[in-house]
Structures are given as C-alpha cells and as structure tokens.
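Here is the structure we will look at, set down as structure tokens.
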Amino acid sequence: MSEQNLMEKIISLCKRRGFIFQSSEIYGGFSSCYDYGSLGVELKNNIKQEWWKEMTRFQENIVGLDSAIIMSPKIWEASGHLTAGFADELVECKKCHHRFRKDFLEKDKCPDCGGELTAPRKFNLMMKTFVGPVEDNASVAYLRAETCQGIYMNFMNVAQTMRLKFPFGIAQIGKAFRNEITPKDFIYRTREFEQMEMQWFCLPKDAEKFFDYWLGQRLNWYYKLGIKKENLKIYEVPKNELAHYAKRAVDILYKFSFGWKEIEGVHNRGDWDLSNHSKHSGQNLKYSLGQEQEPFYPHIIETSVGADRSLFAFLCDAYEEALGGRTETFESTKEKEIVLHLDKKLSPIKIAVLPLIKNKPELIKKAREVHQTLKPYFAIQYDEAGAIGRRYRRQDEIGTPFCLTIDFETLEKNDLTVRDRDTMKQERIKIDDLIDFLFSKII
Ligand code: GAP
C-alpha cells in the first residue's frame, strides 16, 4: 500500500470507529492536537498497562512514580533544556512565510512554493506558561518536555522510602509537551504527547552492560505484543547527532508507510542529570553503597517510548485490508474487509456478544444474560443490529478477538459459538465454562 494510502486509511478508520479525532474539530481543528475516542482510550490504556506491567510488576527492582507536569523552571536550566541543546533550527520561506525544521528539508528552497529560505535560527522547544496572576519573568514556568526530569527530582525520595537495593529503576507514564516546529504525520509528531519512561540507576562501570540488557528487553516487549520482526530495527545514533544529555543512544525504529521512524530511544545519560541537578540545587544527589565506598553519582540508562507513537505503530502493524472479503462461515462477501490483528491484550474490546437474529425474544434474552455475566470481567460490546456477517466485520475492524454468537442450539444446550477474529474458526463452549475459557485466551 502506498504511503498516502495507508496513512489515509488508518486516519479514516480512527475517525470512523472512534479511535482518534482531530481536537477542537468544530472550530476547524487545532494544529497537531488529537483527542482519543472511546476505543482509542481503551487501546492507549492497554498499551500503557502492558508497559507498566512489564517495567514494574515483572521486574525485581523497579517502582513507579507520578510527578507533576509543571515543575520549578530551575530544573530546565539545570537539565540543559533551556539552552541550545533543546532547540531545532528553524527556517522561514521569504515568499509564503511557511516555517520548517531545517533538518527535515531535502533542498534549500521552500518545499511549498520554491521560494528562498531565511538563514536558520535556533528555536527552543520548551512550552512556556505563567504561574500565578502576574505574567512577568518571575512567573514563567514550563510544561515538562520529558517525564524523566520528575524522576530525577524524586530519585532520593524514592530510594529512601522504598528501600530499594542498588541498582534500581523508577518508571513513569505521563504527558510531555514540545513546541515542535513541524508537527506531522498524524499522531507521530505532536506538541502534546505521552511518554512511558524508565530510568535505571546503576554503577558507572555497569552502564553499558545494562544499556544492552534494556535495549533487548524493550525490543522483546514489541515482539511479545505482536509487532512483526521485519518492521522493527535499531539505529545507533552517531555521536554528532546525540541529544545534549546522552553519551550513547540507540533508537528503535518502526517501518511506517512514510519511512523508518523512531518510536523509542534507549539512552545512556551517564551522570549528566544527577550531577547537574546537584550543582544547580546545592543538594547532594550522590548515592552511597556503604562506608567502604565513596558516594558517587549513579549513571542512568533510560528507556523512553511515546505512548502515542507506539499506538500508531501497533495500529499500522495490525491493519489488514482483505479486498473481496475473507472466507466467512456464515456469509461470504465481495466487500472490502478490514481486520485489526491487534494482540488480544491490546484490543480495546475483547468480546462481542451477538444474538444470531434480532427478532427472537428468547435469543435476545439469553444474549443479554451472557453480556451481563461477562461485563464485570472484560471490555465487551453487545450488538444485535444487522446481519451476523456484517456484525463480525464490524468487530474485526476494531480488533475484537472473540465474537460470541447465541443461536437456537444455545437455548437447548446452554452453549454458544466463540469465533476467533484471526482464524475465523468457531468452537462451541458451554456457557458455564465461558469465563475460564475467555480468561485463558485473553490474559
Ligand atoms: N527522556 C528522553 C526523551 O525524551 P526523546 O527521544 O526526545 O527522548 C522519547 O523522546 C520518545 O518520546 C520518542 O521516541 C517518541 O516516542 C516520543 N516523542 C518525542 N517527541 C514526540 C512528539 N513530538 N510527538 C510524539 N511523540 C514524541
């Protein structure tokens, strides 16, 4: 599928089925801002939950945190984000006045009108605001540009209160903001986005060992959640392209229709953050391993992924368009069918309950009973509108792994058919065994 094509299809599916809407749509939209609809928020929550489980619960020595979005502006001075380190080069067309990030341009002329471009100037990406009633220099604050700074602020608090054994990690999920010059490619590059970051504090001599370890772990997370191996690769960021805080960085790239693009970065931040925050705050952020050893600044290995970017990758990877339809037991179709082969853990809706036909009150009653029984345990939909084949396709399109069909045999034998989204195979399961069966398939 061509670049434009797949992207348009995904955007159209997202809007049509309530995954993602343009923000402030009735006012003509607001540049690069998006709202997650009912299915989108379920999908994003599931991604965040899988990340959280992987990076905290399944680990020996990693705990969570939820720090503030607006913090002392001094943090951003110390971290280097207010200086040239966190700025892109901006050029403007002298003719149409469109603005571009210089490193995104292939030629020296304006890509929109061919006009001459101004000399580049540095443009800082921090989002500014004012705290309190007076809008003066003393009340300037910033929306955080990366969630990890809140982790560094609480490094000592967490280490002391959680009695963690060294080395250890702190994980956080939350919003971050950057005044991107050219936000683009749907939710790929936006000004408001969510990050899922883990900071691993270790001995300087072990940093490279843990770098490789965490890179491997992060790649496995995508594979476990079904991303196709051929659509992921890693990119060792050359020294001259490293972010101001990084000693080493490897990007995890996904093969989007618009090219191989970063979805996650693994960074060796050395002692950049803790030593700078120590200097600027006057607080001792050195860590002590006991009396025999000098206190030291732990080195930090960071894994940092965008929730929105990874969601976009999961959607693209799961998307299948079957022209002419897939073979259907109940009903074959000549129509185009869309299937989202999302991992079951990520699917926004896990189960759909479908009475075979609508105008039989006994079937409807039984289907509603099944729906009520399962509702406390699973994200579930009930649908009785339209032919059964069409209802299956509606569920395939949003990635629902299982459709339960209540038919006349159900009334006699107290069982129903469970249809698998990917294989379209159907098996009969006793209603009494249903909860155990579904748990074993989904969790
Ligand atoms: N703390 C390190 C850090 O923030 P980064 O490479 O600048 O590193 C990490 O960002 C991840 O955050 C990226 O790989 C991407 O998934 C996400 N991200 C960064 N800027 C973004 C933007 N403008 N829109 C959406 N996601 C973004």
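Structure data summary
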read-out	value
Matching residues, region 147-179, being open to solvent by less than 10 Å² (accessible area, probe 1.4 Å) and assigned to a loop (DSSP other than H, G, I, E, B)	T147
Test: T373 is in contact (Cβ under 8 Å) with a residue 24 or more places away in the chain and among the hydroxyl-bearing types (S, T, Y)	yes
Filter result for R391 (free of Cβ contacts under 8 Å to residues at least 60 places away in the same chain, open to solvent by less than 70 Å² (accessible area, probe 1.4 Å) and either in contact with a helix residue (DSSP H, G or I) (Cβ under 6 Å, 6 or more places away or on another chain) or not assigned by TED's automatic domain parsing to the domain that holds L43 (or both))	yes
Residue under evaluation V134, criteria (1) more than 14 Å from the ligand (Cβ to nearest atom); (2) of a type in the set (A, V, I, L, M, F, W, C); (3) in contact with a strand residue (DSSP E or B) (Cβ under 8 Å, 6 or more places away or on another chain); (4) open to solvent by 40 Å² or more (accessible area, probe 1.4 Å), criterion not met	(3)
Hits in region 305-324 - residues which are part of a helix (DSSP H, G or I) and within 16 Å of the ligand (Cβ to nearest atom)	A307, D308, R309, S310, L311, F312, A313, F314, L315, C316, D317
Failed item in (1) buried (at least 17 other Cβ atoms within 10 Å of the Cβ); (2) at pLDDT below 95; (3) under 20 Å from F186 (Cβ atoms), with C93 passing the rest	(3)
Near pairs, Cβ below 6 angstrom, 6+ apart or cross-chain, from region 184-198 (farther than 25 Å from G169 by Cα) to any residue that is more than 7 Å from the ligand (Cβ to nearest atom) and part of a strand (DSSP E or B)	I187/Y34; E192/F177
Unique residue being open to solvent by 10 Å² or more (accessible area, probe 1.4 Å), without any contact (Cβ under 8 Å) to a residue 24 or more places away in the chain and not hydrophobic (A, V, I, L, M, F, W, C) when the list is K279, K228, K239	K239
Residue satisfying all of: in region 137-173; among the small types (G, A, S) and more than 16 Å from the ligand (Cβ to nearest atom); modelled with the lowest pLDDT among these	A138
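Each row is one residue, and each column tells you yes or no for (1) under 30 Å from A138 (Cβ atoms); (2) open to solvent by less than 50 Å² (accessible area, probe 1.4 Å).
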| residue | (1), (2) |
| --- | --- |
| I26 | no, no |
| K44 | no, yes |
| D66 | yes, no |
| H81 | yes, yes |
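Table: residues versus (1) without any contact (Cβ under 8 Å) to a residue 60 or more places away in the chain; (2) assigned to a strand (DSSP E or B); (3) within 16 Å of the ligand (Cβ to nearest atom).
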site: E77; (1), (2), (3): no, no, no
site: E106; (1), (2), (3): yes, no, no
site: P111; (1), (2), (3): yes, no, no
site: G114; (1), (2), (3): yes, no, no
site: K122; (1), (2), (3): yes, yes, no
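The values are calculated or read from the model by the stated rules, or taken from the named source; none is laboratory data. All of these numbers come straight from a predicted model, not from anything done at the bench. Heads up, the Cβs are rebuilt from the backbone with ideal geometry, glycines too, and the neighbour counts pull from every protein chain shown. To get the accessible areas, we keep the full protein, side chains included, count just its heavy atoms, and leave off ligands, DNA and RNA. Shrake-Rupley method; radii C 1.70, N 1.55, O 1.52, S 1.80 Å.
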